[in-house]
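The values are calculated or read from the model by the stated rules, or taken from the named source; none is laboratory data. Bear in mind that the values here come from a model prediction, so they are computed numbers and not experimental data. No Cβ is skipped: glycine too gets one built from the backbone with ideal geometry, and neighbour counts run over all protein chains shown. Ligands, DNA and RNA are stripped out before the accessible areas are found, and what is left, the full protein with its side chains, is counted by its heavy atoms. Shrake-Rupley method; radii C 1.70, N 1.55, O 1.52, S 1.80 Å.
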Amino acid sequence: MIRHAAAPDLTQIADVESGQPYSARWGYEGLKKELENKFALTLVYEEGGKILGFISARGVAPDCELLNFAVDKNFTRCGIGQKLLAALKENLSNAGFKKITLEVNENNAPALALYKKNGFNIISKRKGFYNGEDALLMENIL
């Protein structure tokens with residue numbers, strides 16, 4: 001089930017985030033601040049009472065930025081990321097957003113494949129953005 005994140009989910013979301021090397025690494029407090037931000041949307045994928053993934057974006061229509069996205073390391077490549085991304089796009093489109101941007105480490109092959117599969121295009125590169133590794137700036141027109 002995909003739903004809006006709530007404060008009681010924060011510990012589990014932080015656990016999912018900490019298990020992925022390319023996550024934003026906000027930690028519990030950063031995730032809590034994001035959940036309280038009126039311009040943010042955080043969705044979780046829950047199965048059997050356990051949070052297996054989350055996606056977080058922020059913006060003011062018509063533009064939004066995907067900021068943090070992770071799936072439990074034991075459940076990657078099971079379609080959870082695909083479902084979360086589709087749900088985010090649907091929520092944003094319904095709220096009047098027209099574009100999503102994101103930045104991703106160019107060495108994060110699974111994320112790049114997922115984003116490309118879902119209509120994101122590379123629009124620029126940020127040299128050395130991630131401790132010497134380049135970031136790719138991508139966008140998707142909803």
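Quick rundown of the values:
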| read-out | value |
| --- | --- |
| Extreme residue, least open to solvent (accessible area, probe 1.4 Å), among residues of the range 20-42 that are at pLDDT 95 or above and assigned to a loop (DSSP other than H, G, I, E, B) | Asn37 |
| Answer residue from the range 109-142, given it is hydroxyl-bearing (Ser, Thr, Tyr) and either touching a helix residue (DSSP H, G or I) at 6+ places or on another chain (Cβ under 6 Å) or surrounded by 13 or more Cβ atoms within 10 Å (Cβ to Cβ) (or both) and is nearest to Lys89 (Cα to Cα) among those | Tyr115 |
| Flag if Arg58 is basic (Lys, Arg), over 23 Å from Asn107 (Cβ atoms) and either modelled with pLDDT of 95 or more or open to solvent by 20 Å² or more (accessible area, probe 1.4 Å) (or both) | yes |
| Those residues of the range 90-107 which are in a loop (DSSP other than H, G, I, E, B) and in contact with a Leu (Cβ under 9 Å, 6 or more places away or on another chain), in sequence order | Ala95, Phe97, Lys98, Glu106 |
| Residue in the range 82-108 that is most open to solvent (accessible area, probe 1.4 Å), counting only those that are of a type in the set (Asp, Glu) and closer than 18 Å to Thr42 by Cα | Glu90 |
| Meets criteria (open to solvent by 50 Å² or more (accessible area, probe 1.4 Å), at pLDDT 95 or above and over 15 Å from the mean Cα position of the chain (by Cα)) for Lys50 | yes |
